[in-house]
Protein chains: 2
Amino acid sequence: MSKLLGELIEALRCLPGVGAKSAQRMAFHLLERERERGLKLAGALDQAMRQIGNCTRCRNFSETPVCTLCASTTRDRHTLCVVETPTELAAIEQATGYRGQYFVLLGRLSPLDGLGPQELGLGLLAERLGEGEIEELILATNPTVEGEATAHYLAQLARAAGIRPTRLSHGVPLGGELEFVDRGTLAHAFGSRQALE
Amino acid sequence: MSKLLGELIEALRCLPGVGAKSAQRMAFHLLERERERGLKLAGALDQAMRQIGNCTRCRNFSETPVCTLCASTTRDRHTLCVVETPTELAAIEQATGYRGQYFVLLGRLSPLDGLGPQELGLGLLAERLGEGEIEELILATNPTVEGEATAHYLAQLARAAGIRPTRLSHGVPLGGELEFVDRGTLAHAFGSRQALE
């Protein structure tokens, strides 16, 4: 096989969910039918990898010092939603009608991995909470052990600044079947059942 | 969302089997965890799209005028296997122990799409057959209507040059169940049943 082709196939495997077979299929597809778009992808990748940094205000991905969300004048400045990564920010933006601001931790508290308050930019967050505009801090870290611990820590930070912390509700996902919900979730949902009006 | 990020997600959709959701997942994955490999992929893509052309002898992908398969001194020069695309060449190389040479049509006879003998490089193939080295022409075009017609045409070309044409056998795939084999294949396999010794 041609050296460059072999290198392309190997390089494509950095994409999540792409193994040797898919990588080969992708390489042949681009070479046989989509050279123009392949070149465009090369350019977009190069630019994105080099130029996308983090917003100095919310730490979300941004190629400008302040991202469009933070710079927007139409977003509500009284609620701040804390997420672990830009992926979760995108998920919330796409699924909900939330119109407030965000803060991205770029991780979760995990002392064993060397991730402490400093690495998560909690100084920046505390500054933000101290500005006096924010009334509610939505804690949207993941429902994992570390995510919960991070939420707990952030809730204390919020209370100290006189801000109301809230957390996404836990329970049975909509549209699922109880039979297939994991035990922990089911036990939690059962224990925190709510009165119907 | 950042402009460059949006462009990267859009560009990733040129990959086969990658929709909006996977493209977003890939972009975030690269940005959050694999910037180095992302940059490497950009370079490999750019080089491959620009520099990979076709071998002047067999028309397979190659960045050199003659590909490594054609230049090899250890491959059998008496058999030539004709395939439609480089993808199929790779599949045969990887699945079989074939040690002969190849010729890639880069298509199949399809007059309605403007693909005639000239577009498929049949002049080059005829020259090759005329060199006198080849004894068997293996017709490995796809088992579709157009692939069969192409094989038929090539078989005549081979016979005219005094070369034995052969075709991949058709029938029930190994390891499958008859119940799930399509009717056409089953009818063919039944009609061309072979005597057991």
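The values are calculated or read from the model by the stated rules, or taken from the named source; none is laboratory data. These numbers come from a predicted model, not from an experiment. Positions of Cβ are generated from backbone atoms using ideal geometry, with glycine treated the same way; all protein chains shown enter the neighbour counts. These area figures cover heavy atoms from the full protein model, side chains too; ligands, DNA and RNA do not enter into them. Shrake-Rupley method; radii C 1.70, N 1.55, O 1.52, S 1.80 Å.
Tell me which of these A:L45 doesn't satisfy, since it passes every other one: (1) over 30 Å from B:Q101 (Cα atoms); (2) touching a Ser or Thr at 6+ places or on another chain (Cβ under 9 Å); (3) not aromatic (F, W, Y).
(2)
How about the stretch A:87-124: which of its residues are closer than 15 Å to A:N54 by Cα and among the hydroxyl-bearing types (S, T, Y)?
Listed by number, the residues that qualify are A:T87, A:Y102.
I need every pair where a residue in the stretch A:122-139 that is open to solvent by less than 50 Å² (accessible area, probe 1.4 Å) has its Cβ under 6 Å from the Cβ of a residue that is small (G, A, S) and part of a helix (DSSP H, G or I), sequence separation at least 6 or different chains.
Final answer for the pair search is A:L137/A:A158; A:L139/A:A151.
What are the residues in the stretch A:16-58 that are within 30 Å of A:L137 (Cβ to Cβ) and among the small types (G, A, S), if any? Break it down into steps so the answer makes sense when it comes.
Going through the stretch A:16-58, the residues within 30 Å of A:L137 (Cβ to Cβ) turn out to be A:52-58.
Listed by number, the list holds a single entry, A:G53.
Can you tell which of B:E119, B:E148 is open to solvent by 60 Å² or more (accessible area, probe 1.4 Å), among the acidic types (D, E) and not in a helix (DSSP H, G or I)?
Details: B:E148 fails: not in a helix (DSSP H, G or I).
After ruling out the rest, the residue left standing is B:E119.
Test A:L129 against the stated conditions and say whether it is of a type outside the set (G, A, S) and part of a helix (DSSP H, G or I). Working first, answer last.
Numbers: of a type outside the set (G, A, S): yes; part of a helix (DSSP H, G or I): yes.
When the stated conditions are applied, A:L129 passes them.
Residues of the stretch A:157-197 being without any contact (Cβ under 8 Å) to a residue 12 or more places away in the chain, open to solvent by 100 Å² or more (accessible area, probe 1.4 Å) and not in a loop (DSSP other than H, G, I, E, B), which ones?
Correct list: A:R159, A:L178, A:E179, A:F180, A:R183, A:F190.
Go through the stretch B:130-152 and report how many residues are out of contact with any helix residue (DSSP H, G or I) (no Cβ under 8 Å at 6 or more places or on another chain), of a type outside the set (V, I, T) and within 15 Å of B:F103 (Cβ to Cβ).
Applying the first criterion (out of contact with any helix residue (DSSP H, G or I) (no Cβ under 8 Å at 6 or more places or on another chain)) to the stretch B:130-152 yields B:130-133, B:135-136, B:138, B:143-152.
With the extra rule that they be of a type outside the set (V, I, T), the set shrinks to B:130-133, B:135-136, B:143, B:146-149, B:151-152.
Narrowing the set further to residues that are within 15 Å of B:F103 (Cβ to Cβ) leaves B:130-131, B:133, B:135-136, B:147, B:151.
Selection size over the stretch B:130-152: 7.
For the stretch B:1-95, list the helices (runs of 4 or more DSSP H) that sit wholly inside it and hold at least 1 residues that are at the interface with chain A (Cβ under 8 Å from one of its Cβ atoms) and surrounded by 15 or more Cβ atoms within 10 Å (Cβ to Cβ); which are they?
Values: elements: B:3-12, B:20-33, B:35-51, B:68-71, B:86-95.
Answer list for the stretch B:1-95: B:3-12, B:20-33, B:35-51, B:86-95.
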